[in-house]
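The values are calculated or read from the model by the stated rules, or taken from the named source; none is laboratory data. Keep in mind the model is a prediction, meaning the values are calculated, not measured. Cβ sites come from the backbone with ideal geometry, for glycine too, and all protein chains shown count toward neighbours. SASA here: full protein model, heavy atoms, side chains in, ligands and nucleic acids out. Shrake-Rupley method; radii C 1.70, N 1.55, O 1.52, S 1.80 Å.
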Amino acid sequence: MAKILIPTPLRQYAEKNNSVEVSGSTVGEALANLTTQFPDLRKNLYNDEGKLRSFVNVYVNDEDIRYLQKDATAIADGDTISIVPSIAGGRC
Amino acid sequence: MLTQEEVSRYSRHLIMPEVGVAGQEKLKAAKVLLIGTGGLGAPVAMYLAAAGVGTIGLVDFDVVDVSNLQRQVIHGTKDIGKKKIDSAEETMRDINPLIKMIKHEVALSSANALEILKDYDIIADGTDNFPTRFLINDACVLLNKPNVYASIFRFEGQATIFAAEGGPCYRCLYPEPPPPGLVPSCAEGGVLGILPGVVGLLQATEVVKLILGAGEPLIGRLLLYDALAMKFRELKLRKNPECLCATGQVKLIDYEQFCGIPKQPEPPPMSAEISPKEVKALIDAKENFVLIDVREPHEFQIGRIPTSTLIPLGDLPKKVAELDPAANYVLHCKMGGRSAKGCDVLRQAGFKNVRNMTGGISAWSDQVDPSVPKY
């Protein structure tokens, strides 16, 4: 099982959870399991073509999966997957 | 050269070998531009002024509002209605009269950004919207100036340095902005008042380190802060070889359009909107309609319209099955944005008589019942 950290803006689509334990041997499988459990997350994470949206990055531990094997990046028990969306607040 | 007055003022810096006279002279010679004098800009401006950064530029065009004071500590109650840039200058002047301040009372745009940024050594981005963040990034890439970046949302903050020599830029991290509406703004999502204090001072720390050339700058690292968990995490940021900054294709564009924000917002069909006064008339006439409040429960507690039913926007898709598609509906939220999305949810489910209360409960407070608090 790996732990997926859900960022504040997306918690409303994941029944307010800040982290979820999921099974899966790759990042793609883990995220698929996550969005099966919380279907509302899907459209916030993926575009209509099923690709990860470009304002959302996914990290395994401290490394961006775009520089690993993307969705096929292997995960081991105890790994932490972080979903990091862009946020813009500051002046408001 | 430091004056005697400066030696006295900065003595706690001068006795540390990591700063010393040489470091303080670097601070004095430095020119830093702060874009935004709000939540993040407030602590950055105050501490950089206190630290003796010689020239501080401020960019803002906003006016101090009472709802700013929960976090924008550079402004006070006496400043309500004043230009933020003037109020910020006054506070900074009081903290440290020895520094030079330059006020840019404009909205940063593709037309003026390069001209404003070019005279500064370091830029600190404390803005609150995606178009300006992409604009600042691109201008910093073009001018080869480090962008000390931070952003906040509710209980979370992000900080890093973009566009430093050899380092990644904002586009390396996020090539594109989110479509409008998908990521809530602070005004809609809220922000813990203390949060920008912590995150803004991370930003100020990095500015000072860059000036001094001390320590390990936050380049190529994204620092994430979660106030509720009281945890800091660090993620690696890499320069994306396919990024516009790597291929030399950065140019200033129409950022509003890039972020999908229509030039003139298209007015919704008249039949889709209803004013608070008209809603009040419906209630008084005991017309048969359902008033749905799509805000969050904690907002509902602040103030509500007595006949309304609370169904938070996120729960609406699940609740559609329990609603009668033949009934008449009016939806409202705080300002009208979320309820417009709620109306779309109902219409897509085949509901025919769905209207959005223009301006939300905020407009209700203005036009119908001032006893409902605005927030």
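Residue order by solvent-accessible surface for B:E206, B:E278 is B:E278, B:E206, largest first, with ligands and nucleic acids left out and a 1.4 Å probe.
Under a Gaussian network description of chain A, with springs only between Cα atoms under 10 Å, the residue in A:D71, A:D48, A:D40 that fluctuates furthest is A:D48. Placing +1 on each Lys and Arg Cβ and -1 on each Asp and Glu Cβ, with no other charges, gives the protein assembly as shown a dipole about its Cα centre of roughly 160 debye. Our note on the geometry: Cα centres of region B:360-375 and region A:14-36, 41 Å apart.
Estimated from helices alone, the mean residue ellipticity of chain B at 222 nm is -9500 deg cm²/dmol (sum of -39500 (n - 2.57) over DSSP H runs with n ≥ 4, per residue).
Among DSSP bridges having both ends in region B:1-160, what percentage is antiparallel? Round to the nearest 5. So the antiparallel bridges in region B:1-160 amount to around 25 percent.
Each peptide in A:59-67, B:164-172, B:39-47, B:243-251 receives the mean, over its residues, of other Cβ atoms within 10 Å, and ordering these scores from highest gives B:39-47, B:164-172, A:59-67, B:243-251.
In region A:2-85, Rg over Rh equals 0.91, where Rg is the alpha-carbon radius of gyration and Rh the Kirkwood radius from pairwise Cα distances.
Computed about the Cα centre, the dipole magnitude for chain A is approximately 420 debye when only Lys and Arg (+1) and Asp and Glu (-1) carry charge, each at its Cβ. Rolling a 1.4 Å probe over the heavy atoms of the protein chains gives region A:2-85 an accessible area of 46 Å² per residue. Axis angle, to the nearest 10 degrees, between helix A:27-37 and the longest C-alpha principal axis of chain A: 60 degrees. How much length would be gained if the chain were fully extended between B:L310 and B:I261, taking 0.36 nm per residue of separation minus their Cα-Cα distance, in nm to one decimal? Contour length minus Cα-Cα distance gives 14.7 nm.
Shape class for the protein assembly as shown: oblate, because the ratio a/c of the largest to smallest gyration tensor axis (alpha-carbon atoms, square roots of eigenvalues) is 1.5 or more and b/c is at least a/b. Going from the isolated chain to the complete set of protein chains, region B:116-163 loses at least 50 Å² of heavy-atom accessible area (1.4 Å probe) at B:D128, B:F153, B:E156. With the gyration tensor restricted to C-alpha atoms of region B:302-375, the semi-axes of the equivalent ellipsoid amount to 23, 11, 11 Å, longest first. About its Cα centre, the dipole of chain B is roughly 380 debye, where the only charges are +1 on Lys and Arg Cβ and -1 on Asp and Glu Cβ. Ordering B:332-341, B:293-302 by mean Cβ neighbour count within 10 Å, with the highest value first, yields B:332-341, B:293-302.
Charges on Cβ only, +1 for Lys and Arg, -1 for Asp and Glu, centred on the Cα centroid of chain A; of A:G50, A:A72, A:L10, which one is farthest towards the dipole's positive end? It is A:L10, whose Cα lies furthest towards the positive end.
As a length-normalised measure over Cα pairs under 8 Å and 6 or more apart, the relative contact order of region A:2-85 settles at 39 percent.
Across A:N33, A:N17, A:N47, mean-square fluctuation computed from a Gaussian network of chain A (C-alpha pairs under 10 Å connected) peaks at A:N47. The share of accessible area on chain B that comes from carbon and sulfur is 56 percent, using a 1.4 angstrom probe.
Screening chain B for whole DSSP H helices of 18 Å or more along their axis (Cα) with average Kyte-Doolittle hydropathy at least 0.5 returns B:130-143, B:195-212. The packing ranking, built from the mean of other Cβ atoms within 10 Å per residue, places the peptides B:318-327, B:196-205, A:20-29 in the order B:196-205, A:20-29, B:318-327, highest first. Association of chains B and A removes close to 3400 square angstrom of accessible area from solvent, both sides included, for a probe radius of 1.4 Å. Only Cα pairs under 8 Å and 6+ residues apart enter the sum, and on that basis the relative contact order of chain B stands at 13 percent.
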